[in-house]
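Take a look at the structure below.
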Amino acid sequence: MKINHSSMFSSLWFLVLVFLSLAATTPSSFPLMGIASPSLLLSVSAASAKSGATTATCDDSSTEDDGSSSCGNPDADAIELDADVDVITLVEDDSIPSLNGYGKDEQTKTKDFAEYFSAYAELHHQKDMLTDTHRMDSYYRAIMDNAGTCFKNKVVLDVGTGSGILAIWAAKAGAKKVYAIEYTDMANNARQLIKDNGVDHIVTVIQGTVESITLPLMEDGFLSADSDGDEHVVDVIVSEWMGYMLLRESMLDSVLVARDRYLKPETGLMFPSHATIYLAPIKDEQSRLDNVRDYDDAVQDWYAFLEATSNNYKVNYETLSDNFIQEQKDFYLHTSQWKELSDQNFVLSTSNSDVFDADVPEVSDNTNAQQQQPYTVIKELDLSTCTLEDTRGIFGRTTDPEQIHKGNYDWNEFDFVIDPLKVTSAISGFASWFTTDFKSRTDDMGIQNKAPQLKDNYVTLDTGPSQGYTHWGQQAFYFKDAIRINTDLKQASGGKNSPKGRTKDSVRVHLKGKIELMRTKENKRLYNVRIEHHLEEIIHSNPTSTTSSDNDIITRQTDVIEAVYKMI
Ligand SMILES: C[S@@+](CC[C@H](N)C(=O)[O-])C[C@H]1O[C@@H](n2cnc3c(N)ncnc32)[C@H](O)[C@@H]1O
């Protein structure tokens with residue numbers, strides 16, 4: 001689940017909270033202090049930045065009065081995005097965001113509680129998740145449809161049980177033992193609920209982080225004296241750990257720690273078992289224009305403030321203008337937005353036969369179907385085999401065949417093929433979302449060892465625009481300036497050398513680019529997203545095909561636009 005939303009002043013809140021939290025003796029006292037707020041998750045502080053692509057132009061209005069631009073100047077931008085450093089240091093730097101058991105000091109632990117866990121201690125927040133019917137139906141069906149094969153007489157671990165719902169379902173599906181782990185005081189409510197629903201003889205609630213607790217396996221008879229302390233006795237891990245764009249909140253790290261310590265490697269099942277992140281160009285000019293208008297209004301308002309303060313109080317605030325404007329730009333133009341989009345927002349649709357052209361490796365059952373869709377896959381995870389490295393974000397295009405075979409890959413390049421005669425509306429930005437599947441094991445070890453099979457028509461929890469409401473919605477990344485295909489290409493370089501063979505049918509516009517998703521330095525549960533894109537007009541040698549060939553000719557291309565968005 002996913003804690004929202006925006007407040008310009010969350011950093012301030014955060015400072016207040018950290019101050020208060022340091023004075024507190026136990027983390028669990030926070031909810032009782034009545035100061036926990038979901039907005040605390042917004043506490044990403046602005047920092048200095050780097051620009052990754054030297055050839056790129058920035059999607060911002062950073063041109064100065066003297067005509068120079070702050071774009072690409074490491075000191076001028078407001079978002080820290082030093083991918084190289086993050087890549088090198090993250091592993092050594094304790095990539096598990098959550099707390100004890102990993103040598104975290106008290107201050108870091110308290111900060112994590114303040115920013116992340118406090119909201120989960122509140123019932124109204126748990127209720128937001130419990131009333132997300134698409135989420136609930138998916139987990140319920142996945143557990144109940146596979147009760148006989150996967151849960152009956154099995155040992156189940158629920159990582160992050162919250163109010164206890166998944167643990168109760170696992171018990172009702174026939175599990176002989178369910179361990180329900182919850183860090184916050186919500187554990188007390190879970191205990192109560194589990195008792196009142198008559199499954200307390202099966203479910204044991206343990207309060208603590210899954211990283212730091214020890215399951216009472218010996219006491220419960222799952223470890224014998226001669227088992228040499230091998231704790232791999234769990235048959236199924238159920239968990240709802242997903243955040244915006246799948247990875248936000250970084251709770252998956254904790255689930256993987258539990259998997260590696262407790263799940264039977266040969267036959268153990270993960271519920272969910274596979275996860276996929278998608279990207280699509282969208283049209284939603286209303287929202288894009290609202291952002292631009294709000295940004296313009298904020299800047300106008302600042303200048304009115306300057307004048308009034310100078311006139312009335314004889315102090316000139318001009319020197320702070322750049323900082324203020326940067327702050328507003330980051331907030332209105334470089335922050336992703338929660339959206340409930342629909343198919344109407346897709347730029348490409350199956351009906352106009354513009355198909356996705358990128359060459360995604362064939363590891364997913366759905367690859368062919370996806371090629372008929374107006375979106376592309378940018379990451380896939382097999383929860384049985386992925387590593388902590390895989391959970392850190394999206395960094396490139398995985399080429400290692402073994403990784404691809406294992407079902408864990410990043411595919412951060414996109415290439416959307418557009419028929420310029422059919423797509424005349426403006427493109428307002430990109431949107432991203434995820435699915436999780438509840439499938440049988442697809443890794444070699446699981447297959448060889450005949451891990452229990454789930455039903456063939458497996459359950460998918462889909463948070464995309466076609467599926468209606470989920471509390472995850474989609475993350476939208478709006479451009480400052482919309483893409484208008486024909487207008488933009490008219491201004492692009494090239495155009496004069498069009499070959500004779502050019503026909504309307506053979507011209508395609510490719511919206512190409514790259515996306516990166518990476519944890520912020522300040523808070524490992526939050527992510528920044530960097531997107532670069534440009535248009536290429538291509539004359540295809542085979543007009544009926546949209547896939548690339550060596551004989552295709554690029555006739556025009558626009559500059560690369562790059563923007564970094566905070567995902568809050
Ligand atoms: C998204 S909620 C899901 C709650 C519940 N399973 C459900 O489906 O309604 C995730 C829960 O996991 C808990 N949690 C997150 N990380 C944890 C960790 N490392 N150890 C124990 N609990 C954790 C949170 O406090 C929160 O209650």
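The values are calculated or read from the model by the stated rules, or taken from the named source; none is laboratory data. These numbers were taken from a predicted model, which means no experiment stands behind them. Backbone-built Cβ (ideal geometry, glycine too); neighbour counts: all protein chains shown.
Remarks
- Residue selected from segment 392-416 under the condition of a type in the set (V, I, T) and surrounded by fewer than 22 Cβ atoms within 10 Å (Cβ to Cβ), by the criterion modelled with the highest pLDDT: T398
- Of all residues making up segment 106-132, the number that are within 14 Å of E240 (Cα to Cα) and either aliphatic (A, V, I, L, M) or more than 13 Å from the ligand (Cβ to nearest atom) (or both): 2
- Checking every residue in segment 136-144 against the condition of being surrounded by fewer than 21 Cβ atoms within 10 Å (Cβ to Cβ), within 11 Å of the ligand (Cβ to nearest atom) and among the polar types (S, T, N, Q) gives zero matches.
- Complete set of residues in segment 145-171 that are more than 10 Å from the ligand (Cβ to nearest atom), of a type in the set (V, I, T) and outside any helix (DSSP H, G or I): V155, V156
Residues checked against (1) in a loop (DSSP other than H, G, I, E, B); (2) at pLDDT below 95:
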site: I325; (1), (2): no, no
site: Q328; (1), (2): no, no
site: F331; (1), (2): no, no
site: L341; (1), (2): yes, no
site: S351; (1), (2): no, yes
site: D354; (1), (2): yes, yes
site: V360; (1), (2): yes, yes
site: V363; (1), (2): yes, yes
site: A369; (1), (2): no, yes
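- Some residue of segment 178-186 being aliphatic (A, V, I, L, M), in contact (Cβ under 8 Å) with a residue 12 or more places away in the chain, in a loop (DSSP other than H, G, I, E, B) and more than 10 Å from the ligand (Cβ to nearest atom): no
- One residue alone among I206, I194, I277 is surrounded by 15 or more Cβ atoms within 10 Å (Cβ to Cβ), away from the ligand (no atom under 16 Å from the Cβ) and outside any loop (DSSP other than H, G, I, E, B), and that residue is I277.
- Given (1) outside any helix (DSSP H, G or I); (2) at pLDDT below 85; (3) near the ligand (Cβ under 10 Å from one of its atoms); (4) of a type in the set (D, E, K, R), index of the condition D94 fails: (3)
- Those strands (runs of 3 or more DSSP E) of segment 507-567 in which at least 1 residues are closer than 16 Å to Y478 by Cα and either in contact with a Phe, Trp or Tyr (Cβ under 7 Å, 6 or more places away or on another chain) or polar (S, T, N, Q) (or both), considering only elements entirely within it, cover 507-519, 527-539, 561-567.
- Which listed residue, of L256, L252, L215, L246, is more than 28 Å from F434 (Cα to Cα), at pLDDT 95 or above and within 16 Å of the ligand (Cβ to nearest atom): L215
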